[in-house]
Structure formats: C-alpha cells, structure tokens
Amino acid sequence: MCSGADTTILKNSSKAEQIKYAGIGGTVFFTALMAFIAASYALLTVFDNYFAAVLFGLVWGLLIFNLDRFIVSTIKKTDNKWKEIWQATPRLILAVIIAIVISKPLEMKIFEKEINQVLLTEKNNLTLANKEQISNQFTPEITALQSEINSLKQEINSKETTSNKLYETYIAEAEGRKGTKLIGKGPVYKEKREKHDAALAELQQLKTSNNTKISEKELQIANLKTQQKTQETTTQPIIDGFDGLMARINALNELPWLPSFFIFLLFLAIETSPILAKLIAPKGEYDFKLQDIENAVKTWVAQKEQQRKQVLNTDSILNRNIYNELASEDELYNYKKQKAREIMQFQADAFYKSQKNIVG
C-alpha cells in the first residue's frame, strides 16, 4: 500500500515481487516518519507548544508520505533504461528538495548543544550592543548635566580660593607681614577685613545657590540612569528570546559544514532510495502484468476510437448518397419551388404595404 502498487495484481504475483514492493513501501513509510519527527521539532521551536508541533508535524509527514508514494508509483518500468532515468529525473530533483527540508530540523536537534553555544555568544554580543545603544541615548544628556555640575563646583572653589586669599591678606596685615607692615588692626586692616567678610558672604550665598542646583542636576542624572536601567531590563527579554527557527538555522550555518553535509547525504539516500530501487530493480512479474493490463486498456480504447471513426465515415457516405438521390426527385423539386414562390409573394406583399404607408 505504501509503495503505491496495485494490491490486486500483487496478490496474484510471486512472493518475491510482494517482498520487493513491501520494501519500497517500507522505505516510503519511514521517510514520512522521519519527516514527521523533523517537522515536529522544527515547529516546536516556532510555536513552543507540543500539541501544535505534533499536529502540524503529522500533517507534514502525511504530505511527504503522499508525495513519495505518488513519485514511486508513477515510475513505470520499461525496456529502455535511459527512458526510465529521464522519467525519474524530475522526481529525483524533488527528492533532493524534500531531503533538504527534512534534514535541516534534525541537524538542529543533533547539534543542539553546539547551536546553543553559538546562540549564547550571539546573545551576549547582542546584550552588549543593546546596552551600548541605550547608553548612547542617555550619555550626552548625562555628560552635559555632569559638566554643568562641575562648572558649579568650580565656581564655588574659585570663590572659596578668592575668600581664602582675602583672609590671608587681612591676617597678614594685622600681623605686619604684608601691606603696611604695621602690627595691629588699623584702617587698612578693617578695609581688608570688610572685603573678606563680603567675599565670605557671597561665598556662602553661592554655595547655597549652587548646591541647590547641583542637587537638582544630580537628581536628573539619577533619573536618567534609572530610565537607562529600566530600558535595558525591558529589552533584555527580547534578546533572551532570540532562539527561534531562523536564529537556529543561522547558528547551524556557523558550525563546520562537513557533519551537516554527511547528515544531508544520509537523508538524501533515504529519500531517493525508493526511486533508485525502482530504477535498479529488473522488470518483474508485477511490471509485466501491469503493462499487460495497460496495453489491454490502450487496445480497447484504440478499437473504440477506430469504430467511431468507421461509423462516422459510413454515416457520411450514406448521407451523401441519400441527398444526391433526393436532389434528382421531381416531387421534392416542385414542393420546394412552391414554397419559394410563397415566400417571394409574402415579401412582395409586405414591401407593397410598407411603401403604401410611406406615401400616405
């Protein structure tokens, strides 16, 4: 049944013929079984659902089974090997395509650990690239705020340095080390002390103002860093889910090609084995009986077609003779002449009435 053979003919054939076609049918069945397993695994990586994967895998396996069965059953044994090879060439091309489709998912399963390692490396690279891209979105603004904070701090430091210098100046004046070099708190001391006190008041005011600004800008930086971290956390599951069918196929292509090629050859051999078995096997009892039945049908159809042609030719000859004899009969001639006269009279009367109505 799986080989697409006529079971009625096989029942009346030898045991060897039955075994041969049972072997071909078994090959077709197990090819479909491998297609079912491969498709189920491939679809499991897509749907992540066992029921859906098995259901669609079963449909794919039945499709491959029906297709292989059709391919094998349509190859007819003839006495010309080259004609058989030419007849099988399109089917062999189709078998190669099917072998590729079947082998890829099973290759992914066989090399699952190696593919997982490649995917892990790719995920790590994607994570680093993602963080860099997100950082590039926030870094300019954070850098600008940090620069403003540094400017505000620098302004405080500069003002503090000026205040310290004024402090050193009026102390040195009081001790007589600089300025008038008179020990004591004279008018110059008071003047320099007032300058220092004014600078110190400005420093305190500047510290209060700038520290408030610095706190605001540090809060903005903290918010931006929080947003950056949130965006990284939100996008990470997308990277972690980088494990679909296309990703695994691309990861498989990153591995050495030779093991995959041998697995492909294995499935190619399995897929083409029914066709090659039909080509290699000699013409057997089943083939002769099938050819006899087909020739009988062809002969019967040809006979019917020839009989229809003869009936048509005979009928044409009879009709031609009958009409030739009728053409020479006076009775038929007078009858048609009378009818023609009536038609012409009717036309003349109609024309007369039409002209009379026009004239008025």
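The values are calculated or read from the model by the stated rules, or taken from the named source; none is laboratory data. Just so it is clear, the structure is predicted and the values come from calculations on it, not from any experiment. Here the Cβ is made from the backbone with ideal geometry for all residues, glycine too, and neighbour counts use every protein chain on show.
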Next item on the list: Could you tell me which of the residues Ser73, Ser103 is within 21 Å of Asn250 (Cβ to Cβ), assigned by TED's automatic domain parsing to the domain that holds Ser260 and in contact (Cβ under 8 Å) with a residue 40 or more places away in the chain?
Entry: Ser103
Next item on the list: Look through the range 42-55, keep the residues that are in contact with a Leu (Cβ under 8 Å, 6 or more places away or on another chain) and crowded, with 18+ Cβ neighbours inside 10 Å, and return whichever of them is modelled with the lowest pLDDT.
Entry: Thr45
Item checked: Subset of the range 279-306 that is of a type in the set (Gly, Ala, Ser) and free of Cβ contacts under 8 Å to residues at least 40 places away in the same chain - its residue that is nearest to Glu84 (Cα to Cα) -> Ala296
Notebook entry, point to check: Across the range 318-342, which residue is modelled with the lowest pLDDT among those that are surrounded by 10 or more Cβ atoms within 10 Å (Cβ to Cβ) and among the aliphatic types (A, V, I, L, M)?
Noted result: Leu326
Check: Looking at Lys225, Lys298, Lys309, which is the one that is out of contact with any Leu (no Cβ under 8 Å at 6 or more places or on another chain), basic (Lys, Arg) and within 30 Å of Asp6 (Cα to Cα)?
Finding: Lys298
Checklist line | Only listed residue being modelled with pLDDT of 80 or more, under 30 Å from Lys225 (Cβ atoms), surrounded by 15 or more Cβ atoms within 10 Å (Cβ to Cβ) and of a type outside the set (D, E, K, R), chosen from Leu120, Leu128, Leu145 | finding: Leu145
Check: Does Thr233 meet the test of being assigned to a helix (DSSP H, G or I), more than 27 Å from Pro90 (Cβ to Cβ) and over 21 Å from the mean Cα position of the chain (by Cα)?
Finding: yes
Item checked: The one condition in (1) surrounded by fewer than 16 Cβ atoms within 10 Å (Cβ to Cβ); (2) over 27 Å from Leu44 (Cα atoms); (3) out of contact with any Gly (no Cβ under 9 Å at 6 or more places or on another chain) that Trp257 fails to fulfil -> (2)
Next item on the list: Give the residue that is farthest from the chain's Cα centre (by Cα), with candidates limited to residues of the range 236-255 that are of a type in the set (Gly, Ala, Ser) and in a loop (DSSP other than H, G, I, E, B).
Entry: Gly241
Item checked: Count - residues of the range 205-252 that are touching a helix residue (DSSP H, G or I) at 6+ places or on another chain (Cβ under 6 Å) and under 17 Å from Thr143 (Cα atoms) -> 7
Check: Does the range 224-243 include one or more residues that are of a type outside the set (Val, Ile, Thr), in contact with a Ser or Thr (Cβ under 7 Å, 6 or more places away or on another chain) and at pLDDT below 80?
Finding: no
Next item on the list: Inspect all residues belonging to the range 323-343 and state whether any of them is in contact with a helix residue (DSSP H, G or I) (Cβ under 8 Å, 6 or more places away or on another chain), closer than 30 Å to Thr27 by Cβ and part of a helix (DSSP H, G or I).
Entry: no
